[in-house]
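Taken together, the values in this text are just the output of simple stated rules run on the coordinates, not laboratory data. Here the structure is a predicted model, which means the values were calculated and not measured. We place every Cβ from the backbone using ideal geometry, glycine too, and count neighbours over all the protein chains shown.
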Amino acid sequence: MSVRESIDPKSSLWAWLAFDLWFYRSQRGFSLAQAAMIVKVAQGTGSSWEAGRLRPGDGHMKRLDQAWDTGGHFERLLWYARTGGRLIEAGEEAAALGIWFDQIGDVALSRGASGDAIEQALGSFV
């Protein structure tokens, strides 16, 4: 299995970026050398980005987005990877909300409400 095949884009935002760099390049029929010329780096640097060994910079992703007309895909993905993504914060809020709903259900059950009644009452919120 190659390094590229071992990258799971669902494992992290950095892995997603590495995978998408390879995927978008391949879909457009570009070689590593051609893609490296677009972003003004050595071919080995582009290869290391796709393998997840190195991380690209803002300017590189901006040039790639412009050349491939991606609508800012790579700049956004780089931002999310660097910041850990505001997605994590949203996930934590959702988890906290789920805990709150669980607590409401526990209280209702302890007071004699049926599971069906609780589910029906909370259904519009979940």
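Footprinting exposure proxy ranking of 77, 21, 32, fewest other C-beta atoms within 10 angstrom first, gives 32, 77, 21. The distance between label points at residue 83 and residue 23 comes to 2.2 nm (points 7 Å beyond Cα on the Cα→Cβ vector).
From least to most packed, judged by other beta carbons within 10 angstrom and beginning with the fewest, 83, 70 follow the order 83, 70. Rounded to whole numbers, the Karplus 3J(HN,Hα) couplings from phi for region 56-68 are x, x, 4, x, 5, 5, 5, 4, 5, 4, 5, 5, 9 Hz, using 6.51 cos²θ - 1.76 cosθ + 1.60 with θ = phi - 60°, and x at Gly and Pro.
Note on 5, 50, 75: ascending count of other Cβ atoms within 10 Å places them as 5, 75, 50, the fewest first.
Taking 0.36 nm per residue of sequence separation and removing the Cα-Cα distance, the residue 76/residue 55 pair yields an extension gain of 6.2 nm.
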